[in-house]
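Asks: Mind having a look at this structure? Questions to follow.
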Amino acid sequence: MGLTVAEKIIQSHLVSGKMISGEEIAIRVDQTLTQDATGTLAYLEFEALGIPRIKTDLSVSYVDHNTLQAGFENADDHRFLQSFASKYGIYFSKPGNGICHQVHLERFGRPGETLLGSDSHTPTGGGLGMLAIGVGGLDIASSLAGNPFHLRMPDILGIHLTGSLPPWVSAKDVILHLLSLISVKGGVGKILEYFGDGVASLTVPERATITNMGAETGATTSIFPSDVETRAFLALQQREDHFRELCADSDALYADELTIDLSTLEPLIACPDSPDRIRPVRELAGKKVDQVCIGSCTNSSLRDLMRVAAILRGKTVNHEVSLVLSPGSRQVLTMLAENGALADLIAAGARVLETACGPCIGMGQSPSSGAVSLRTYNRNFKGRSGTADAGIYLVSPETAAAAAFTGKITDPRDLGSAPEAFIPLQFMVDDSMIMAPSTEPDKISVVKGPNISSIPRGEELTESISAEVWLRVGDNITTDDIMPAGAKILPYRSNIEKISRFVYTAIDPGFVDRADRGRESGVGGVIVGGDNYGQGSSREHAALAPRFLGVRVVIARSFARIHKSNLINFGIIPLTFREEESGDNLESGLKLDFPALRREVKNGSSVTAYDTAHDREYQLDLSVTDRERSILLQGGLLNWIIQTASQSE
């Protein structure tokens with residue numbers, strides 16, 4: 001039997017385990033990336049391991065999230081990141097050089113290699129034929145220390161592409177269509193691998209848009225083959241020597257398959273407040289629009305912004321619309337300036353932001369109260385924009401550009417013939433804002449400002465705990481719900497005590513006070529959730545900050561992959577309800593006893609919880625690997641790595 005692209009990469013990097021669905025495997029990590037909102041914590045965790053130099057082939061630290069410097073905190077983090085990278089062997093991409101995923105695709109990604117990133121949209125690299133996986137910062141720290149990455153072997157879902165996209169339909173519409181088919185949890189436990197004749201019609205930037213938003217399905221990663229288009233893209237980046245052809249064998253077998261005929265697709269739109277609430281644009285045509293945001297790691301390539309410039313050339317942004325653009329990289333911005341497209345965009349009335357994530361993570365440009373905002377971004381969770389009652393819609397660059405000058409949701413096909421977007425035969429390559437690590441690390445001092453605190457270490461799991469349900473929530477709770485982003489909160493990513501004051505405040509403003517009272521009385525916390533608990537970003541703060549407040553257990557119907565891993569990494573026990581158990585009685589304020597917790601975590605697949613006030617017993621499932629059991633018993637991954645290293649000396 002032949003192998004898929006993903007299986008070929010896994011097989012060539014396999015350190016332990018077998019490629020059997022659901023079994024734990026460990027793979028060698030070639031590259032890592034971090035961004036500043038998660039990188040400070042990841043590097044503090046690596047520092048705590050006491051290792052003098054990283055052991056990966058290539059690691060890059062990007063600054064692209066916390067670039068709004070309204071106080072000293074973000075600038076201090078950037079100074080810490082640059083000095084740390086120089087000392088420990090990491091490349092540093094300065095503020096203004098671009099969004100991590102776009103820059104990594106341009107300058108560092110290599111077909112056939114593995115990439116871990118402390119950002120959930122790391123699978124963008126799959127557009128280049130990489131096995132690129134989003135993880136929490138502790139997993140990055142572990143990889144930097146030379147440890148393999150552990151995961152359960154995913155099923156490979158084959159997405160068979162046929163045909164080619166019609167005019168005015170783009171890669172964004174492909175992934176929105178897939179989300180309409182499988183939802184925000186349909187990819188959990190899977191790798192989405194694209195194959196078929198339709199693949200050849202998509203450029204690498206288009207493929208990267210699709211793999212980027214595959215994260216919204218909950219997939220482990222998404223991947224395209226490495227082919228002629230891949231070679232062409234790398235040649236434009238003056239990196240053709242990094243090309244490697246990599247395609248699935250003709251007799252490769254997928255766990256399941258879906259077929260998408262690209263020629264049948266139409267412009268689509270994701271409605272508030274979930275990326276899988278998909279409708280055809282034509283059905284919402286005419287709805288007034290207040291704001292249009294184009295960019296983010298999903299749609300900020302030169303190809304995307306050249307299309308937008310071509311559509312807006314000679315036109316004027318509607319007087320009731322605010323249009324903002326975020327180019328994905330310095331390369332993209334410079335080339336827009338050199339070829340005149342930037343002048344066209346400015347003449348049309350666009351506000352050009354810096355090459356950073358910006359509004360996508362609530363860092364500026366919050367829409368007005370009750371506004372309708374069309375965005376080419378990847379997430380439209382409630383409140384993520386910074387305005388709780390705004391309606392955030394996800395669209396393609398073409399649909400966004402059409403709305404910008406018409407002032408309403410517009411099917412771009414109604415504009416007539418699609419204009420051509422000129423793509424040059426040679427790209428501008430200038431890596432002067434990427435700092436190589438020092439060749440004399442002993443002479444480098446890591447600089448820490450007053451907002452940067454040490455990593456709190458967890459304690460070993462005790463024999464038993466008493467806990468109280470501090471909060472009950474529903475399905476599809478996001479990491480934005482648990483640990484909000486935005487300009488007011490992101491600057492405290494390196495200060496766990498400070499950022500913990502914002503845990504769950506968007507859903508329950510009284511949560512932190514309740515946690516404080518619980519800690520004072522010596523009672524730990526339990527959170528009860530529904531399906532797909534913890535979907536969204538890789539931010540480990542959504543696990544570490546609750547653990548800092550005293551959360552010991554999370555009980556849910558199911559968990560998103562990265563968040564479950566982060567919970568385990570920080571010693572929070574993830575339990576699931578059995579099918580016959582509704583859990584309706586587990587309301588906020590209920591006291592629960594776990595009398596044999598350590599023994600059950602160590603030896604079994606279930607944990608017993610008692611509600612002594614009502615004489616109820618709950619049998620809860622614990623689905624973890626043997627390695628994860630050890631991590632929970634040690635009180636977290638950091639403790640486990642240190643303990644394992646000391647035992648091997």
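The values are calculated or read from the model by the stated rules, or taken from the named source; none is laboratory data. Model, not experiment: these values are computed from the prediction. Don't worry about glycine lacking a Cβ; one is built from the backbone with ideal geometry, like all the others, and counts go over all protein chains shown.
Asks: State yes or no: is ILE159 outside the structural domain of MET483 (by TED's automatic domain parsing) and either within 26 Å of GLN238 (Cα to Cα) or assigned to a loop (DSSP other than H, G, I, E, B) (or both)?
Replies: Criteria not met by ILE159.
Asks: So, of the residues in region 364-392 that are buried (at least 24 other Cβ atoms within 10 Å of the Cβ) and of a type in the set (Ser, Thr, Tyr), which turns out to be farthest from ALA348 (Cα to Cα)?
Replies: Taking the candidates together, the pick is SER385.
Asks: Within region 551-589, take every residue that is among the aliphatic types (A, V, I, L, M) and in a loop (DSSP other than H, G, I, E, B) and give me the one that is nearest to THR217 (Cα to Cα).
Replies: ALA560
Asks: Residue check: is THR122 more than 18 Å from GLY536 (Cα to Cα) and among the polar types (S, T, N, Q)?
Replies: no
Asks: Let me ask something else. Filter the strands (runs of 3 or more DSSP E) completely within region 78-140 down to those with at least 1 residues that are in the same structural domain as LEU41 (by TED's automatic domain parsing), more than 18 Å from the chain's Cα centre (by Cα) and farther than 29 Å from GLY571 by Cα.
Replies: In region 78-140, 91-93 are the strands (runs of 3 or more DSSP E) which contain 1 or more residues that are in the same structural domain as LEU41 (by TED's automatic domain parsing), more than 18 Å from the chain's Cα centre (by Cα) and farther than 29 Å from GLY571 by Cα.
Asks: Does GLU420 meet the test of being outside the structural domain of ILE642 (by TED's automatic domain parsing), exposed (fewer than 13 other Cβ atoms within 10 Å of the Cβ), modelled with pLDDT under 90 and charged (D, E, K, R)?
Replies: When the stated conditions are applied, GLU420 passes them.
Asks: Could you name every one of the strands (runs of 3 or more DSSP E) located completely within region 219-335 that has at least 2 residues being of a type in the set (Val, Ile, Thr) and surrounded by fewer than 23 Cβ atoms within 10 Å (Cβ to Cβ)?
Replies: 256-261
Asks: Within region 23-35, is there a residue that is buried (at least 17 other Cβ atoms within 10 Å of the Cβ) and free of Cβ contacts under 8 Å to residues at least 60 places away in the same chain?
Replies: no
Asks: Next up: Looking at ALA347 and the list (1) crowded, with 18+ Cβ neighbours inside 10 Å; (2) free of Cβ contacts under 8 Å to residues at least 60 places away in the same chain, which single condition is not satisfied?
Replies: The one condition ALA347 does not meet is (1).
Asks: Condition first: touching a residue at least 24 places away in the same chain (Cβ under 8 Å) and in a loop (DSSP other than H, G, I, E, B). Now tell me which residues in region 58-77 satisfy that.
Replies: Matches in region 58-77: VAL63, ASP64, HIS65, ASN66, THR67, LEU68, ALA70, GLY71.
Asks: Can I ask one more? Return the residues of region 194-204 that are buried (at least 24 other Cβ atoms within 10 Å of the Cβ) and not in a helix (DSSP H, G or I); say none if nothing qualifies.
Replies: Of everything in region 194-204, just one residue is buried (at least 24 other Cβ atoms within 10 Å of the Cβ) and not in a helix (DSSP H, G or I), namely TYR194.
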